[in-house]
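K.L.:
Mind looking over this structure? Questions follow.
The values are calculated or read from the model by the stated rules, or taken from the named source; none is laboratory data. Everything numeric here is computed off the predicted structure, so don't read it as measured data. Virtual Cβ from ideal backbone geometry, glycine too; neighbours counted across all protein chains shown.
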């Protein structure tokens with residue numbers, strides 16, 4: 001059921017529809033009690049009619065409402081209004097990431113800024129045991145000043161696994177077909193384990209984020225097809241076209257990050273969103289690089305990259321120095337007897353080492 005602008009829903013005055021998807025319609029509304037604008041997500045009747053799913057939605061809303069994070073949209077309440085189940089949420093002014101991504105991909109500084117914020121949001125949710133399961137550019141809002149807000153955290157859990165892997169994505173993907181017949185909906189952002197209906201953990205979100213990063217960098221999706229089945233088959237079997245072919249300006253470190261996110265085996269991906277964020281943080285404008293004794297950075301196409309390989313080499317050099325000092329100490333005369341050589345001065349004024357019978361404390 002669609003509401004017209006100017007109509008009322010309980011205490012809320014509806015100003016217009018903001019968006020629609022498989023999880024319901026979203027309206028801009030005014031709350032006269034608190035004198036503020038809010039977003040109302042009206043849950044579809046087929047979900048709200050099931051008492052089990054209705055209760056599950058409430059629990060999910062409570063869990064997500066407990067997330068206080070600058071990059072996650074706040075849920076204020078879940079209310080029963082005129083036989084409708086309504087989520088009252090923070091209203092975010094801006095555009096979806098799907099509207100922001102240009103055809104040839106985004107400049108690296110802006111891409112990294114957005115990606116770090118998304119990884120931050122995922123990390124905060126995963127720490128609370130909440131998995132998004134439906135991460136895609138349409139569920140990421142970008143404000144005018146570049147701040148990111150991730151929408152619909154955890155709401156995909158409301159669907160049963162079998163339903164979500166088949167009928168749900170059939171419906172949503174058909175709804176989001178382009179004029180060329182290419183699927184741009186949820187199915188294109190699923191992980192292999194999600195496509196097969198297997199049990200999921202937080203690493204499914206990291207695969208979906210890898211798809212989003214690939215699209216942000218190139219303007220194209222890594223897995224495509226003419227039907228839902230062909231898209232899912234591509235996710236399960238195909239290796240995406242190398243990003244370097246689509247955007248040669250990208251540094252190798254970034255392409256390595258995306259490649260690791262898109263590993264078919266969850267054990268070969270990043271094991272946490274925080275680890276992914278740290279690697280994304282290594283990509284930053286070269287003018288802001290601080291060169292210190294602790295490490296060095298080098299510029300690639302104007303961006304500073306501090307590769308993990310360099311950090312490993314520094315650690316190995318430090319280990320070799322410590323081992324060398326230990327070997328020299330043990331090999332000194334008298335070391336086995338527990339005495340320490342001392343530098344003494346001879347009669348002719350020269351300095352040389354001699355072993356004195358002085359015990360090492």
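K.L.:
Are there any pairs with C-beta distances below 8 angstrom linking a residue in the stretch 37-55 that is touching a residue at least 60 places away in the same chain (Cβ under 8 Å) and not assigned by TED's automatic domain parsing to the domain that holds residue 75 to a residue that is surrounded by fewer than 18 Cβ atoms within 10 Å (Cβ to Cβ) and part of a strand (DSSP E or B), with the two at least 6 apart or on different chains, and if so which?
P.N.:
none
K.L.:
Among the helices (runs of 4 or more DSSP H) confined wholly to the stretch 189-251, which include 3 or more residues that are touching a residue at least 12 places away in the same chain (Cβ under 8 Å)?
P.N.:
Qualifying helices (runs of 4 or more DSSP H): 192-195, 203-218, 228-237.
K.L.:
Moving on to the next point. Return yes or no: is residue 65 crowded, with 20+ Cβ neighbours inside 10 Å and closer than 25 Å to residue 135 by Cα?
P.N.:
Spelling it out, it is not the case that residue 65 is crowded, with 20+ Cβ neighbours inside 10 Å and closer than 25 Å to residue 135 by Cα.
K.L.:
Need the failing condition index for residue 57 against (1) within 21 Å of residue 136 (Cα to Cα); (2) assigned to a strand (DSSP E or B), just the number.
P.N.:
Every condition holds for residue 57 apart from (2).
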